[in-house]
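What follows is one structure encoded as structure tokens, with my remarks underneath.
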Amino acid sequence: MTRLVELEATGPRKLEPSDIDDEKGDVAVCQCGLSASFPFCDGSHRQTDDEESETTYVYDDGERAVVERVVTADDE
Ligand code: FES
């Protein structure tokens, strides 16, 4: 599976000691692109549990849709 995500940041987010989870003692960084607390994991990745391996998805306001075709500049 792949996922299309939109990100607005134009630079890095420097982690601070205050970013460490008080209970778990770690920092969980989101890799799925769906977290509302990006760059930190908020558990939103659970929505991806049943994604199929050869399918591309996009999520919009919690709704998942299948992307049928991605057009790039190389697709002329
Ligand atoms: S990995 Fe993205 S919300 Fe957990």
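The values are calculated or read from the model by the stated rules, or taken from the named source; none is laboratory data. Not measured: the values here are computed from a predicted model. A quick note on method: Cβ atoms are made from the backbone with ideal geometry, for glycine too, and the neighbour counts reach across all protein chains shown. Please note that ligands, DNA and RNA were not included when accessible areas were found on the heavy atoms of the full protein model with its side chains. Shrake-Rupley method; radii C 1.70, N 1.55, O 1.52, S 1.80 Å.
Yes or no: D22 at pLDDT 95 or above and acidic (D, E)?
No: the conditions fail for D22.
Would you mind stating whether A36 is loosely packed, with under 15 Cβ neighbours inside 10 Å, small (G, A, S) and more than 9 Å from the ligand (Cβ to nearest atom)?
No, not satisfied.
Within region 39-53, track down each residue that is open to solvent by 60 Å² or more (accessible area, probe 1.4 Å), in a loop (DSSP other than H, G, I, E, B) and touching a residue at least 12 places away in the same chain (Cβ under 8 Å).
Scanning region 39-53 gives D42, E52, S53.
For Y59, all conditions in the list (1) open to solvent by less than 70 Å² (accessible area, probe 1.4 Å); (2) in a loop (DSSP other than H, G, I, E, B) hold save one; what is the number of the exception?
Result: Y59 fails condition (2) only.
Of the numbered conditions (1) within 16 Å of the ligand (Cβ to nearest atom); (2) under 16 Å from the mean Cα position of the chain (by Cα); (3) of a type in the set (D, E), E8 satisfies every one except a single condition; which is it?
(1)
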